[in-house]
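Comments concern the structure below.
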Amino acid sequence: MNQIIENLRQELIRNADEKTKQSGERFFKEDVTMYGIKSALVISTGKDHFKAISDKNKAHIFSLCEELWKSGIMEESFVACNWSYYVNKQYEPEDFEIFEKWVNSYVSNWASCDTLCNHTVGTFVEMYPSCLSGLKRWAKSQNRWVKRASSVSLIVPARKGKFLEDIFEIAEILHSDKDDMVQKGYGWMLKAASQAHQEKVFHYVLSKKATMPRTSLRYAIEKMPDELKAKAMAK
């Protein structure tokens, strides 16, 4: 085993807490494997250990990330997500295949999905918008986490006012999905888009409200003014 990974794991295990573990597990409907460490401590621990590899090339760091993903332990997935984001200045278009592999092979809960996609994948598609076609392919997957990834990858770009038409296209693909995790994901994407395009998102929601799942609808209009919420939620 790589010594960097071994040192990281030893520190994570030292900081594990059974009470935190039991509390964390209650946030998930699916079975998850975790040490039981508060998120802030996971982030700081990951940053400390990244110092030992900060001079390594992207391929080396991605290989370490893959080893962490393979463990199936949530805190290790968070470190992998952060390490892959720390090298974002080195991203190249072909890296999409690596991120796609991680989403398909290793993501198994909403927390790992969102941590990877909000920052690593979101930053990547801002740099290489041509890869948005890949997100649209993810939206058609049979894997619930891949479908959620297609939308939550656009949360940060959406807040910046980017990719509105692509956001609507992904929302169209996911519109009738009955999975609660998928509904929340694309509703969150629409909510983020409304920060920069409130009227356009509102009218999109109005056009779909008869068939949009209530979960998605609530997420999409959460930050809108009360009068727009009332119109959107009206029967």
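Going through Phe62, Phe78, Phe28 one at a time, which residue ends up being more than 18 Å from Ala111 (Cα to Cα) and either surrounded by 13 or more Cβ atoms within 10 Å (Cβ to Cβ) or among the hydroxyl-bearing types (Ser, Thr, Tyr) (or both)? Give the derivation first.
Values: Phe78 fails: more than 18 Å from Ala111 (Cα to Cα); Phe28 fails: more than 18 Å from Ala111 (Cα to Cα).
Answer to the selection: Phe62.
Give the residue, chosen from Ser150, Ser112, that is out of contact with any His (no Cβ under 9 Å at 6 or more places or on another chain), under 21 Å from Ser71 (Cα atoms) and modelled with pLDDT of 95 or more.
Ser112
Among the residues of the stretch 220-231 satisfying the criterion of being over 17 Å from Phe168 (Cβ atoms) and in a helix (DSSP H, G or I), which is nearest to the chain's Cα centre (by Cα)? Step through it out loud before you land on a result.
As a first pass, look at the stretch 220-231 and keep what is over 17 Å from Phe168 (Cβ atoms): 222-223, 225-231.
With in a helix (DSSP H, G or I) added as a condition, the list becomes 226-231.
Values: Asp226: 28, Glu227: 30, Leu228: 28, Lys229: 26, Ala230: 29, Lys231: 30 Å.
Per the criteria, the residue is Lys229.
Determine whether Leu190 is within 18 Å of the chain's Cα centre (by Cα), in the same structural domain as Glu126 (by TED's automatic domain parsing) and part of a helix (DSSP H, G or I).
When the stated conditions are applied, Leu190 passes them.
Could you look through the stretch 31-54, keep only residues that are exposed (fewer than 11 other Cβ atoms within 10 Å of the Cβ) and under 29 Å from Arg144 (Cβ atoms), and pick out the one that is modelled with the lowest pLDDT?
Asp31
Looking at the stretch 128-147, is at least one residue surrounded by 19 or more Cβ atoms within 10 Å (Cβ to Cβ) and closer than 21 Å to Lys223 by Cβ?
No: the stretch 128-147 contains no residue that is surrounded by 19 or more Cβ atoms within 10 Å (Cβ to Cβ) and closer than 21 Å to Lys223 by Cβ.
Can you name the condition, by its number, that Ile73 falls short on among (1) surrounded by 23 or more Cβ atoms within 10 Å (Cβ to Cβ); (2) in the same structural domain as Gln22 (by TED's automatic domain parsing); (3) not hydroxyl-bearing (Ser, Thr, Tyr)?
Failed condition: (1).
Answer yes or no as to whether Glu126 is more than 25 Å from Glu92 (Cβ to Cβ) and either of a type in the set (Asp, Glu) or in the same structural domain as Cys65 (by TED's automatic domain parsing) (or both).
no
Evaluate the following for Ile98: is it over 16 Å from the mean Cα position of the chain (by Cα), within 25 Å of Arg9 (Cα to Cα), not hydroxyl-bearing (Ser, Thr, Tyr) and not assigned by TED's automatic domain parsing to the domain that holds Gly185?
No.
Please list, ordered by first then second residue, the pairs with beta carbon atoms under 6 Å, 6 or more apart or interchain, first in the stretch 1-29 and among the hydroxyl-bearing types (Ser, Thr, Tyr), second part of a helix (DSSP H, G or I) and surrounded by 10 or more Cβ atoms within 10 Å (Cβ to Cβ).
none
Could you check how many residues of the stretch 193-219 are in a helix (DSSP H, G or I), under 22 Å from Lys178 (Cα atoms) and among the charged types (D, E, K, R)?
3
The values are calculated or read from the model by the stated rules, or taken from the named source; none is laboratory data. Please read these numbers as outputs of a predicted model, since none were measured by experiment. Here Cβ is always computed from backbone atoms with ideal geometry, including for glycine, and neighbour counts include all displayed protein chains.
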